[in-house]
Amino acid sequence: MSLQCAHCYKSFSIAKVNDSRGKGLSVEVQCPHCAAWLGHNKYLSVVKIVGFYGGVIAAAVGYFVEGVTVITTPLIILAVIMVGLSHIMDHLQLIEVPENDPNAETHAK
Ligand SMILES: [Zn+2]
């Protein structure tokens, strides 16, 4: 899995990340190129999880309970759309600019 830094725009492998902080949804990783802290949009992560489990539950209910497919089928479709959209929109966000960043000075001028 390859990630792109929101600060220096270089791509790097998740295996190359030396430093991370936080847990669960608020986990942040440090870019190995410029040392900026990057994280995911928490709102999109919640949408993705809710959509995923909502779809799984709707599919399970539709499978075990008769006569509810009219309700569960649109729910499954909605869940798939939620997960797909949140996945497309889920980019790494810049949480904290690196210390002693040469690019930050050129932007200030
Ligand atoms: Zn970077």
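Side notes on the structure shown:
- Selected residue [assigned to a loop (DSSP other than H, G, I, E, B) and surrounded by 12 or more Cβ atoms within 10 Å (Cβ to Cβ)] from ALA6, ALA58: ALA6
- Of residues in region 1-26 being in contact with a helix residue (DSSP H, G or I) (Cβ under 8 Å, 6 or more places away or on another chain) and at pLDDT below 90, the one nearest to ILE95 (Cα to Cα): SER26
- Residue identified as away from the ligand (no atom under 16 Å from the Cβ) and either over 18 Å from ILE81 (Cα atoms) or part of a strand (DSSP E or B) (or both) among LEU25, LEU38, LEU44: LEU25
- Hits in region 61-92 - residues which are loosely packed, with under 12 Cβ neighbours inside 10 Å and farther than 25 Å from GLN4 by Cα: TYR63, PHE64, VAL65, GLU66, GLY67, VAL70, PRO74
To keep it simple, each residue is scored yes or no on (1) within 18 Å of the chain's Cα centre (by Cα); (2) within 16 Å of the ligand (Cβ to nearest atom); (3) of a type in the set (A, V, I, L, M, F, W, C).
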residue	(1), (2), (3)
SER2	yes, yes, no
LYS16	no, yes, no
PRO32	no, yes, no
GLY51	yes, no, no
GLY62	no, no, no
VAL68	no, no, yes
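- Residue in region 93-101 that is surrounded by 14 or more Cβ atoms within 10 Å (Cβ to Cβ) and either of a type in the set (Lys, Arg) or more than 14 Å from the ligand (Cβ to nearest atom) (or both) present: no
- Conditions (1) within 15 Å of the chain's Cα centre (by Cα); (2) among the hydrophobic types (A, V, I, L, M, F, W, C); (3) within 16 Å of the ligand (Cβ to nearest atom): number failed by VAL83: (3)
- Lone qualifier among VAL29, VAL68 - being aliphatic (A, V, I, L, M), farther than 30 Å from LEU94 by Cβ and modelled with pLDDT of 90 or more: VAL68
- Considering each residue of region 46-55 in turn, at least one proves to be β-branched (Val, Ile, Thr) and surrounded by 15 or more Cβ atoms within 10 Å (Cβ to Cβ).
The values are calculated or read from the model by the stated rules, or taken from the named source; none is laboratory data. As the structure is a prediction and not an experimental result, all values here were calculated from the model. Using ideal geometry, Cβ is built from the backbone for each residue, glycine included, and neighbour counts are taken over all protein chains shown.
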